[in-house]
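The structure appears below as structure tokens.
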Amino acid sequence: MRTAIGPGDRDGDVGYCRIDEPAALVWAANRAALEIHVPMAIANDLDTPRSVVFDLDPGVPAALRECCALESVGLDAYAKTSGSKGLQV
């Protein structure tokens, strides 16, 4: 498995798995890695994210409408569903 090394959030660097070929995807599936969190940067420049993703789960008191308000503050927002009620923007 090829990796991309990037800064960790605790003690040193992290080796991120590179899912960049079919065999790597099969490996991840066999490990039951159903939810893979990836950095929002390309492997050659992990310190420079290309986007910011907010994982929102609407619930009392915020409904789906309140979760979609990022454009009102000047941000380009693209929404996708992430499960039964979740939303990623």
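Using the basic label-point model (7 angstrom from Cα toward the beta carbon), what is the Val53 to Arg2 distance in nanometres?
Each label point lies 7 Å from its Cα, and together they span 2.0 nm.
In a shell of Cβ-Cβ distance under 11 Å around Cys17, excluding Cys17 itself, what net charge do Lys and Arg (+1) and Asp and Glu (-1) give?
Summing Lys/Arg as +1 and Asp/Glu as -1 gives +2.
Ranked highest first by the average count of other Cβ atoms within 10 Å around their residues, in what order do 14-26, 41-53 fall?
Highest-to-lowest ranking by the protection proxy: 14-26, 41-53.
Any read-out appearing in this document is the output of simple, stated calculations on the displayed coordinates, not a laboratory observation. Note that the coordinates shown come from a computational prediction; the quantities given were computed from them, not determined experimentally. Neighbour counts are summed over all protein chains in view; Cβ atoms, including those assigned to glycine, are modelled from backbone coordinates with ideal geometry.
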